[in-house]
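Peer 1: Take a look at this one; I'll ask things after.
The values are calculated or read from the model by the stated rules, or taken from the named source; none is laboratory data. All of these numbers come straight from a predicted model, not from anything done at the bench. Here the Cβ positions follow ideal geometry from the backbone for every residue, glycine too, while neighbour counts run over all protein chains shown.
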Amino acid sequence: MKAFFGAIGRTTWSALWEIDRYSRLVGQALYWLFVAPLRGQRLRWHSTVEQMVRIGVDSVPIASLIAFFVGLILAMQAAYQLKPFGVTIYMANLVGVSVTRELGPMLTAIVVAGRSGSAIAAEIGTMKVSEEIDALRTMGLNPIQFLVVPRLLAMLVMLPALVVIADVVSIIGGTVVGVFWEHLDLIRYINQTADALVMKDIITGLTKSAVFALLIVTIGCYQGFSVSGGAAGVGKRTTASVVASIFMIIASDMFFTMLFYSTF
């Protein structure tokens, strides 16, 4: 019994210690991103643009392809359920609202977490193992300002942009099923989608994407800074970064869905 409670205590203490370190990193990153520029500290725009290309532009093909398939699947499932009632046109409502509010932001964030979040953790972890981060501190450079802020700013800009692209592509996928599979009129389908969507649906999705962006970058950077033990440690923390990011994306999506559902 003593060993059991001892294990619980050690696990709880370790979790609290990890949460404290992660919270400190998030606080410092937000300070260097929003407060420090007002006090004369310059942002590293060249590195930020480079990260925008790597995180956003290079992710467009895979994010768009997955979004298109999701739109196809949603439309086919909706048509299967609605056809017996003779209201197949309402598949446009289901696809449009579910994609913009839920599936578009969440699936795009998961794709980016697997693609870019893991890369962030691996890059910073490799720098930690090769003592490049210690070299930055020796040169008087803050690792948070130098490494985290450009990636965070790039993700905050590019993930919502990717979500918008994914929403449009998913709706196109649903339109393909509605027009060519269910033989619905194209103009009628587009009008039905436009009538179903309201501004709060889009704002909800973009708000979620901004939170997802913060989680992906900070978790990836935190895991990278926590690497120890050489190449094996890099692989372990990279895997932990992806797992933790996906878990936090889904958990935060549930929280915001409950919040927006009860508010709007």
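Peer 1: Exactly one condition in (1) under 16 Å from VAL99 (Cβ atoms); (2) modelled with pLDDT of 95 or more is not met by ILE219; state its number.
Peer 2: (1)
Peer 1: Might you check whether a residue that is part of a helix (DSSP H, G or I) and crowded, with 22+ Cβ neighbours inside 10 Å occurs anywhere in the range 29-40?
Peer 2: Just the residues of the range 29-40 that are part of a helix (DSSP H, G or I), to begin with: 29-39.
From the residues that got through so far, the ones that are crowded, with 22+ Cβ neighbours inside 10 Å too are 29.
Yes: one or more hits.
Peer 1: Of ILE165, ILE144, which residue is closer than 30 Å to THR100 by Cα and under 24 Å from the mean Cα position of the chain (by Cα)?
Peer 2: ILE165
Peer 1: Scan the range 2-17 and give yes if some residue there is assigned to a helix (DSSP H, G or I), within 30 Å of ARG101 (Cβ to Cβ) and either β-branched (Val, Ile, Thr) or touching a residue at least 60 places away in the same chain (Cβ under 8 Å) (or both), otherwise no. Quick ask: steps written out before the conclusion?
Peer 2: Looking only at the range 2-17, we keep the residues that are assigned to a helix (DSSP H, G or I), and these are 2-17.
Applying the additional criterion that residues be within 30 Å of ARG101 (Cβ to Cβ) yields none.
For the range 2-17, residues assigned to a helix (DSSP H, G or I), within 30 Å of ARG101 (Cβ to Cβ) and either β-branched (Val, Ile, Thr) or touching a residue at least 60 places away in the same chain (Cβ under 8 Å) (or both): absent.
Peer 1: On the basis of being out of contact with any strand residue (DSSP E or B) (no Cβ under 9 Å at 6 or more places or on another chain), without any contact (Cβ under 8 Å) to a residue 40 or more places away in the chain, assigned to a helix (DSSP H, G or I) and surrounded by fewer than 19 Cβ atoms within 10 Å (Cβ to Cβ), does LEU141 make the cut? Give the steps one after another, and end with the answer.
Peer 2: Numbers: out of contact with any strand residue (DSSP E or B) (no Cβ under 9 Å at 6 or more places or on another chain): yes; without any contact (Cβ under 8 Å) to a residue 40 or more places away in the chain: yes; assigned to a helix (DSSP H, G or I): no; surrounded by fewer than 19 Cβ atoms within 10 Å (Cβ to Cβ): yes.
Spelling it out, it is not the case that LEU141 is out of contact with any strand residue (DSSP E or B) (no Cβ under 9 Å at 6 or more places or on another chain), without any contact (Cβ under 8 Å) to a residue 40 or more places away in the chain, assigned to a helix (DSSP H, G or I) and surrounded by fewer than 19 Cβ atoms within 10 Å (Cβ to Cβ).
Peer 1: So ARG101 clears everything in (1) surrounded by fewer than 22 Cβ atoms within 10 Å (Cβ to Cβ); (2) in contact with a Ser or Thr (Cβ under 6 Å, 6 or more places away or on another chain) except one condition, right? Which one?
Peer 2: Going through (1) surrounded by fewer than 22 Cβ atoms within 10 Å (Cβ to Cβ); (2) in contact with a Ser or Thr (Cβ under 6 Å, 6 or more places away or on another chain) one by one, ARG101 breaks only (1).
Peer 1: When you scan the range 57-64, do you find a residue that is part of a helix (DSSP H, G or I), of a type in the set (Val, Ile, Thr), modelled with pLDDT of 90 or more and buried (at least 16 other Cβ atoms within 10 Å of the Cβ), even just one?
Peer 2: Going residue by residue through the range 57-64, those that are part of a helix (DSSP H, G or I) are 57-64.
Still in the running and of a type in the set (Val, Ile, Thr): 57, 60, 62.
Remaining after also requiring modelled with pLDDT of 90 or more: 57, 60, 62.
Okay, now just the ones that are also buried (at least 16 other Cβ atoms within 10 Å of the Cβ), so none.
No - not one qualifying residue is present in the range 57-64.
Peer 1: Are there any pairs, at least 6 apart or on different chains, whose C-beta atoms fall under 6 Å, with the first in the range 28-48 and farther than 20 Å from TYR222 by Cα and free of Cβ contacts under 8 Å to residues at least 60 places away in the same chain and the second outside any helix (DSSP H, G or I) and of a type outside the set (Val, Ile, Thr), and if so, which?
Peer 2: Once the first residue is farther than 20 Å from TYR222 by Cα and free of Cβ contacts under 8 Å to residues at least 60 places away in the same chain and sits in the range 28-48, its partners that are outside any helix (DSSP H, G or I) and of a type outside the set (Val, Ile, Thr) give PRO37/LEU43.
Peer 1: Which residue is nearest to the chain's Cα centre (by Cα), if the candidates are limited to the range 178-222 and must be among the basic types (Lys, Arg) and more than 17 Å from ILE110 (Cα to Cα)?
Peer 2: Per the stated criteria, the residue is LYS200.
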